[in-house]
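Undergrad: Handing you a structure now.
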Amino acid sequence: MKRRALLLGLAVGWLAPAWAAHEHGAPGQPRDLKGVWEKSLARPALAVGVAFDARGRLWRARVENRQLWISRSDDAGKTFTSPVAVNREPERIAADGENWPKLAFGKNGELYVSWTQSLDQPFSGNVRFARSFDDGRSFGTPLTVNDNTDIISHRFDSLLVDGRGRVWLAWLDKRDASAARQRGERYTGAALYYAVSDDRGVSFAPNRKLADHSCECCRIALARDADGTPVAFWRHVFGRNTRDHALARLDNAAALQRVSHEQWAVDACPHHGPALGISAGGVLHLAWYSGAEKRRGLFYAFSRDRGQTFSAPLAFGHPDAQAGHPQVLALGVRVALAWKEFDGQQTVIRVQQSHDDGRTFTQPVTLATSTSASDHPLLVSDGTRVLLSWNSAAEGHRLVPLSGDSP
Amino acid sequence: MMPATRATLVLLALLAGAAAQAAELKPFVAGSMQQIRAAHVGRPFVLALWSLTCSHCQEELAQLGALQRRHPQLNVVLISTDTVEDAEALTATLARHGLARAETWVYADAFAERLRFEVDPRWGGELPRTYLFDRAHAVTAHSGALAPAELERWAVMSLAPKATP
């Protein structure tokens, strides 16, 4: 036995340089990462996007066989029309936790969709966009919105239509990190880029950078302020590796505002992005996750001065039950929070609501459960009701009205 | 003639040894965490969760490989959150970091929430995630790559002979 261990020690020492010599790609990455990436892309996609249009019709986007499929429900999710493919040419579409297909609507019945296309190299992708001007019956040829087309990461897209009907896309972009690496310099995290279209998504203005040093793999929350301006809320890297949250308006006027101070200093990828809802009265409602040892869990805060100051963060969810992946939706003075927990046996979607603009919240209730792999929860509203949209492997896609809302 | 044959035999023995010692990947399912704790009762061990798709995990594995070389008697238990179909890539990566002999597991249930809960209900899923179990299995948790000095200090302390009261 001892002899075998010795032989092994020799073998490992002898083989190690051979492995090192065959190393390709970025330093520190396993040499066979490409195969792992390809296998991961071949797995069934759980992430589903939904949104209500101005007429109260619910649209759903899901990914199957390298195509994005759009269908519509006129009865809040009980029945759906047969799906229409957005991309005629199949492509790999990211549809896991932090990447899901997005839907938005123009002022004159335009339907917009965006998604992240996965490319050949591990973690590389493009931000893709398509529009329909005939009520979802057909879609124009998809555009790639990122104007840097290196095979690097342009992923975690977020889509929004502003008060003037302009179409905005924001995403996490590694072009600056990649350029820095080529110069032999260090660059922390990714950058937050955006692009805007003022011709109903036919074309987009050149990409602009909102901020350097975002976290690499957490979704961006985008919401429309009361004056119509898009506001972004995301996990940022402050200093060397403190992964707390930042807010900025996409009007080039305001600087980045730090929102959270849990001081989560970590050399890791949380895959755990925040949520933002803005009421018609202009109150910002924010929810996020932190893994800081002393401040671990979910937090909620509001801002009544358009993001200048924030309320003291309110902890919610059960930190001993993996509370995570929060959603926040504001409807007048009503605020709904939804998140995921695991109770030891099953995954549960928990909900808390406020009827006084976020000052007080009801006790949490369980709205849905699953005993299989599941997507993150989404909250959607038709302007009157609030519904949970949630997909899970065993139970399928569900739309569940929150308590107090009619089915 | 003779030396050449002998060299070939030694080479074959080395390769056979390496193959036989290639990390055996155990499927990590509901109940596996309990099994790991029970198997190491009364002994300190390092439990590290990692993934092929996490770049900071490579730093962590390098640290653990170095730790294992310095303290061969320390048990290192690795759990990959990838899938069983990544087995080849997993064993190759561990071998590259000198961790071919470590106890290695891989997530074998798509219901990852359950597996994560059994490891630690408070863990948000960020990687790498490390748990330092002392002799009495009091646990120190850490997210992100561990500082080498911190890891070494813990190893020396936890491997020191038990003080008698």
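We did not get these values from a lab; they are worked out from the coordinates using the rules stated. As the structure is a computational prediction, the values presented were derived from the model and not from experiment. Cβ placement follows ideal geometry from the backbone for every residue including glycine, while neighbour counts extend to all protein chains displayed.
Undergrad: Roughly how many debye, to the nearest 20, is the charge dipole of chain A about its Cα centre, given +1 on each Lys and Arg Cβ, -1 on each Asp and Glu Cβ, and no other charges? Before the final figure, lay out the partial values.
TA: Details: 50 positive and 43 negative charges, 133 e Å.
Dipole size: approximately 640 debye.
Undergrad: Ok, one more. May I ask you to list the trypsin sites (Lys or Arg not before Pro) in the stretch B:71-165 that are in a DSSP loop and have at most 13 other Cβ atoms within 10 Å of their Cβ? Intermediate results must be reported in sequence, preceding the final value.
TA: Details: sites: B:R96, B:R101, B:R114, B:R116, B:R122, B:R129, B:R135, B:R153, B:K162; in loops: B:R101, B:R122, B:R135, B:K162.
Here the trypsin sites (Lys or Arg not before Pro) that fit, given the DSSP loop and packing criteria, are B:K162.
Undergrad: Dimensions of the stretch A:196-309 along principal axes (Cα, Å, largest first)?
TA: 47, 31, 21
Undergrad: If I take every Cα pair under 8 Å that is 6 or more residues apart in the stretch A:198-250, average their sequence separation and divide by the length, what percent do I get for the relative contact order?
TA: Across the stretch A:198-250, relative contact order equals 28 percent.
Undergrad: Same structure again: Using the Kirkwood radius built from alpha carbon pairs, what does the Stokes-Einstein equation give as D for the stretch A:217-280 at 20 °C and 1.002 mPa s, in µm² per second?
TA: On the way: Rh = 12.4 Å.
Rounded, D is 172 µm²/s.
Undergrad: How long, wide and thick is chain A, going by the Cα atoms along their three principal axes, in whole angstroms, largest first?
TA: Between the extreme Cα coordinates on each principal axis of chain A lie 73, 47, 46 Å.
Undergrad: For Cα pairs less than 8 Å apart in space and 6+ apart in sequence, what is the mean separation divided by the residue count of the stretch B:20-159, i.e. the relative contact order in percent? Can you show the working numbers first?
TA: Working: 228 pairs, mean separation 51.8, N = 140.
Answer for the stretch B:20-159 is 37 percent.
Undergrad: Using only Cα atoms, tell me the angle between helix A:33-42 and the longest principal axis of chain A; keep it within 0 to 90° and round to the nearest 10.
TA: 30
Undergrad: Output needed for the stretch B:86-145: three equivalent-ellipsoid semi-axes, defined as square roots of 5 times the C-alpha gyration tensor eigenvalues, in descending order, whole Å. All intermediate terms of the calculation are to be shown ahead of the outcome.
TA: On the way: eigenvalues 93, 60, 25 Å².
With the √(5λ) rule applied to the stretch B:86-145, the semi-axes are 22, 17, 11 Å.
Undergrad: Give, to the nearest whole percent, the P(r) tail of the stretch A:77-153 beyond 22 angstrom, counting all Cα pairs.
TA: More than 22 Å apart: 28 percent of the Cα pairs in the stretch A:77-153.
Undergrad: I would also like to ask the following. Taking the Cα centre of the stretch A:223-407 as origin, sum charge times position over the Cβ atoms of Lys and Arg (+1) and Asp and Glu (-1), and report the length of that vector in debye to the nearest 20. Write down the numbers at each step before the final one.
TA: Values: 17 positive and 17 negative charges, 59 e Å.
Taking the Cα centre of the stretch A:223-407 as origin, the dipole is about 280 debye.
Undergrad: Further question: In terms of the ratio Rg/(2.2 N^0.38 Å) built on C-alpha atoms, what value belongs to the stretch A:70-210?
TA: For the stretch A:70-210, the normalised Cα radius of gyration comes out at 1.11.
Undergrad: Run the numbers for A:R137 and A:K294: contour at 0.36 nm per residue of separation, minus the present Cα-Cα distance, in nm.
TA: In short, 51.4 nm is gained.
Undergrad: Also, I was wondering about something else. On average, how many beta carbons from a partner chain sit within 10 Å of the beta carbon of a residue in B:58-70?
TA: For peptide B:58-70, the averaged partner shielding equals 1.
Undergrad: Can you return the lysines within cross-link range of A:K340? Criterion is Cα-Cα under 27 Å, with same-chain partners fewer than 8 residues away left out.
TA: A:K39, A:K78, A:K102, A:K294
Undergrad: Oh, and also: Averaged over B:86-99, how many beta carbons belonging to a partner chain fall within 10 Å of each residue's beta carbon?
TA: Per residue, the average neighbour count from other chains is 4.
Undergrad: Further question: If you take the Cα Rg of the stretch B:20-159 and divide it by 2.2 N^0.38 Å, with N the number of residues, what do you get?
TA: 0.95
Undergrad: Please report the relative contact order for the stretch A:289-389, taking Cα pairs under 8 Å with a sequence separation of at least 6, and give it as a percent rounded to a whole number.
TA: So the answer I get is 18 percent.
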